[in-house]
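Since the structure comes first, as structure tokens, the remarks are kept for the end.
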Amino acid sequence: MSTDVVLQVEDLHAHYGKSHVLQGVSFTVKAGEVVTLLGRNGAGKTTTLKSIVGVLAPSRGRVMFQGRNLAGQEPFQISAHGICLVPEHRGIFGVLTVEENLAIAVRRGSPWQLADVYRIFPRLKERRKNGGTQLSGGEQQMLAIARALVNDPKLLMLDEPVEGIAPVIVEEIVAQLKQISATGMPIVLVEQNLEVCSQLAQRHYILEQGRVAYEAANAQFASDHAAKDRYLGVNVAA
């Protein structure tokens, strides 16, 4: 594995019962890079993330992270290596305040402390005494990302971070993710909003029926309207 490759997923297979969902997914993430996993609903994007973090045990393949094969390890073991997934449902504690949500997630020795995340997410600082259920959807997403950061991730994976969020807040979250990426944090992004993806990512992979069907750098992807139409159902000419 190249020394600048942080994550290398090789021939990953996964099943839900008898359903063969992932059928040989392979992709890489380099140091400091933002990579997207795109595809229609049911293509295997979320399943890929779950298989990487061990929530769903892969039936075959390797998940090489910083030179170690983590496939088959328990989720808590994989988390200890520094892979952090912010799931689609966000997973914050509604009965706790913003600050309490963050405080229980801080990993000892993490370079990300409360002051760091409050600088990136000023809304969270303003609402630090508010309960999780008192936050808007966008604010809850910010809190979920901030919680991941204080846990000292070496790789951040985000599943649909701007789904259902007001456009003005989407712009805010994109700006915040740019700040996080600028620190050198590698990010894997699953997202349907192609404008968000093109603003953040250096490379894109498209999954189709549990396999990687397409890969391109951001500039190539931006102008490849045929691929967007074929694999994502985006008719750019319309």
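Total residues in region 14-26 satisfying the condition of being surrounded by fewer than 22 Cβ atoms within 10 Å (Cβ to Cβ), over 13 Å from residue 212 (Cβ atoms) and in contact (Cβ under 8 Å) with a residue 24 or more places away in the chain: the figure is 3. Among the conditions (1) on the phi > 0 side of the Ramachandran plot; (2) modelled with pLDDT of 95 or more; (3) touching a helix residue (DSSP H, G or I) at 6+ places or on another chain (Cβ under 8 Å), the only one that residue 184 does not satisfy is (3). Taking residue 70 as the residue in question, decide whether it is touching a strand residue (DSSP E or B) at 6+ places or on another chain (Cβ under 8 Å), without any contact (Cβ under 8 Å) to a residue 24 or more places away in the chain and not small (Gly, Ala, Ser). Answer is yes for this residue.
Within region 128-139, can you find the residues that are in a helix (DSSP H, G or I) and either surrounded by fewer than 21 Cβ atoms within 10 Å (Cβ to Cβ) or touching a strand residue (DSSP E or B) at 6+ places or on another chain (Cβ under 8 Å) (or both)? 132, 133, 134, 137, 138 - these are the residues of region 128-139 that are in a helix (DSSP H, G or I) and either surrounded by fewer than 21 Cβ atoms within 10 Å (Cβ to Cβ) or touching a strand residue (DSSP E or B) at 6+ places or on another chain (Cβ under 8 Å) (or both). The listed residues are 156, 149, 177, and the only one of them that is part of a strand (DSSP E or B) and surrounded by 17 or more Cβ atoms within 10 Å (Cβ to Cβ) turns out to be 156. Total residues in region 187-213 satisfying the condition of being surrounded by fewer than 21 Cβ atoms within 10 Å (Cβ to Cβ) and either at positive phi or of a type in the set (D, E, K, R) (or both): the figure is 6. May I ask you to verify whether residue 52 is of a type in the set (Val, Ile, Thr), crowded, with 23+ Cβ neighbours inside 10 Å, touching a residue at least 24 places away in the same chain (Cβ under 8 Å) and not in a strand (DSSP E or B)? Considered against the rule, which asks whether it is of a type in the set (Val, Ile, Thr), crowded, with 23+ Cβ neighbours inside 10 Å, touching a residue at least 24 places away in the same chain (Cβ under 8 Å) and not in a strand (DSSP E or B), residue 52 comes out as yes. For the structure I just gave you, tell me whether residue 178 is assigned by TED's automatic domain parsing to the domain that holds residue 7 and within 19 Å of the chain's Cα centre (by Cα). Judged against the criteria, residue 178 is a match. Scanning region 4-27 for residues that are assigned to a helix (DSSP H, G or I) and polar (S, T, N, Q) turns up nothing.
The values are calculated or read from the model by the stated rules, or taken from the named source; none is laboratory data. Worth saying up front: this structure is predicted, and the values here are computed from it rather than measured. Glycine also receives a Cβ, built like all others from the backbone with ideal geometry; neighbour counts cover every protein chain displayed.
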